[in-house]
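S.K.: Sharing a structure, written as structure tokens. Questions coming.
The values are calculated or read from the model by the stated rules, or taken from the named source; none is laboratory data. Computed from a prediction, not measured in an experiment: that's the story for all the values here. Here Cβ is always computed from backbone atoms with ideal geometry, including for glycine, and neighbour counts include all displayed protein chains. Accessible surface is based on the protein model in full, side chains and every heavy atom, while ligands, DNA and RNA are left aside. Shrake-Rupley method; radii C 1.70, N 1.55, O 1.52, S 1.80 Å.
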Amino acid sequence: MTKLIVICLGLAFAVEYQMQVYMAPEALAEYVGRQSQWAIPIAVLVGSPAYLDGYSALPLARGLIDHGMSPGAAIAFLVSGSVVSIWGAIAIYPILSLKPFFLYLLLAAIGSLTVGWVYDWVT
């Protein structure tokens with residue numbers, strides 16, 4: 001477990017550090033900031049396949065927020081990634097047939113979008 005945590009957190013903190021060094025502050029604000037109506041759908045589309053691990057998601061999301069991502073988009077990124085990650089989909093697909101699998105993906109995307117929009121509305 002220690003090895004897994006060190007590898008995942010090491011990768012996450014390295015990515016966050018690279019973002020802090022090489023990306024200009026507010027670099028993402030145009031695409032996933034509060035002013036963009038597409039911020040949360042983009043975060044869900046990117047977050048779903050890009051989700052690495054629960055250990056590394058929080059530092060990555062923090063780095064994205066520091067560079068202009070809206071909090072609602074960050075929450076949608078975290079929720080969609082944990083539900084619809086490639087690893088989760090690979091585990092679920094053999095159990096379900098094709099139609100229920102697509103229903104699972106659709107419900108996960110709708111839920112992630114809803115969580116992001118509600119969080120942005122509340123904050």
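S.K.: Which residue is most open to solvent (accessible area, probe 1.4 Å), if the candidates are limited to region 35-58 and must be closer than 26 Å to Phe102 by Cβ and at pLDDT below 70?
M.R.: This residue is Leu52.
S.K.: Restricting to region 65-104, and then to whatever is open to solvent by 20 Å² or more (accessible area, probe 1.4 Å) and in contact (Cβ under 8 Å) with a residue 40 or more places away in the chain, can you tell me which residue is farthest from Leu45 (Cα to Cα)?
M.R.: Of everything passing the filter in region 65-104, Asp66 is farthest from Leu45 (Cα to Cα).
S.K.: Then there's this: For region 24-34, check the following and say yes or no: at least one residue is of a type in the set (D, E, K, R), touching a Gly at 6+ places or on another chain (Cβ under 9 Å) and at pLDDT below 80.
M.R.: yes
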